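The values are calculated or read from the model by the stated rules, or taken from the named source; none is laboratory data. None of the values given here were measured: they were computed from a predicted structure. Cβ placement follows ideal geometry from the backbone for every residue including glycine, while neighbour counts extend to all protein chains displayed.
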Amino acid sequence: MGVYVDSFMAGIGGQGILLMGQLLAKAAANHSFQVTWLPEYGVEKRGGDATCTVIVSEDEIYSPVVAHPQTMILMHSRMVPRFLSRLKERGLLIVNSTLIDREEITRNEVELVEVPAGEIAQGIGSEKVANLVLLGAFLKRTGVLPLDAVKKELEASRKGKGHQLELNFQALDRGYAL
């Protein structure tokens, strides 16, 4: 078996969870990987739960459902008690440490990567890009795709938004540099 990465991402509606998963999935598909993207979200426009599961594989994917993902990205503390137990033992956990305290992480057998994504995003101009800071860190840690692949997808999906595109690139770069 070649490349295989499954990831579960969770946050509150409006934090860009679905966009983060979509960018990863589309970039992987453009790199000739097999991909699934399974979003789930509440009926609320903002503030409800938003999750998605993304699988990237060189081989055929038989189901988009992953009971115990090998990687997990959590953007808000409300997600920790709901989803942390699902992460595979010795899995990779990336958290937005701006909103999640280390004390909330009750599992010692996981690899914890704390990223102050909210602070970094504020520092470069907008809290809205915290998701991309986390995605950059995920790309660096997993090595599943080159950073440029996601930037290319972001550019294709955000045509005509020059300043915002530059801000998005900065967020990805900052997360990747961690």
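Out of Ala50, Ala67, which single residue is in a strand (DSSP E or B) and more than 18 Å from Leu154 (Cβ to Cβ)? Reasoning before the result, please.
Numbers: Ala67 fails: in a strand (DSSP E or B).
Only one candidate qualifies: Ala50.
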Check the range 141-154 and report whether any residue there is at pLDDT 90 or above, surrounded by fewer than 15 Cβ atoms within 10 Å (Cβ to Cβ), farther than 17 Å from Phe33 by Cβ and not polar (S, T, N, Q). no
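Residues checked against (1) more than 22 Å from Arg141 (Cβ to Cβ); (2) surrounded by fewer than 21 Cβ atoms within 10 Å (Cβ to Cβ):
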{"position": "Ala28", "(1), (2)": "no, no"}
{"position": "Gln34", "(1), (2)": "no, yes"}
{"position": "Gly48", "(1), (2)": "yes, yes"}
{"position": "Ser57", "(1), (2)": "no, yes"}
{"position": "Ile61", "(1), (2)": "no, yes"}
{"position": "His68", "(1), (2)": "no, yes"}
{"position": "Ser77", "(1), (2)": "no, yes"}
{"position": "Leu87", "(1), (2)": "no, no"}
Would you check which residues across the range 91-110 are assigned to a loop (DSSP other than H, G, I, E, B) and either in contact (Cβ under 8 Å) with a residue 12 or more places away in the chain or under 16 Å from Ala130 (Cβ atoms) (or both) and list them? Gly91, Ser97, Thr98, Leu99, Ile100, Asp101, Ile105, Thr106, Arg107, Glu109, Val110
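How about the range 53-63: which of its residues are closer than 26 Å to Asn131 by Cα, of a type in the set (Ser, Thr, Tyr) and outside any strand (DSSP E or B)?
Of the range 53-63, the ones closer than 26 Å to Asn131 by Cα are 53-58, 61, 63.
From the residues that got through so far, the ones that are of a type in the set (Ser, Thr, Tyr) too are 53, 57, 63.
Ser63 - this is the single residue of the range 53-63 that is closer than 26 Å to Asn131 by Cα, of a type in the set (Ser, Thr, Tyr) and outside any strand (DSSP E or B).
What do you reckon, is Gln34 under 14 Å from the mean Cα position of the chain (by Cα) and polar (S, T, N, Q)? Working first, answer last.
Numbers: under 14 Å from the mean Cα position of the chain (by Cα): no; polar (S, T, N, Q): yes.
It is false that Gln34 is under 14 Å from the mean Cα position of the chain (by Cα) and polar (S, T, N, Q).
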Selection over the range 19-47 where residues are in a loop (DSSP other than H, G, I, E, B), in contact (Cβ under 8 Å) with a residue 60 or more places away in the chain and of a type in the set (Gly, Ala, Ser) yields a count of 0
Residues of the range 55-90 that turn out to be under 21 Å from Thr36 (Cβ atoms), charged (D, E, K, R) and touching a residue at least 60 places away in the same chain (Cβ under 8 Å), as a count: 1
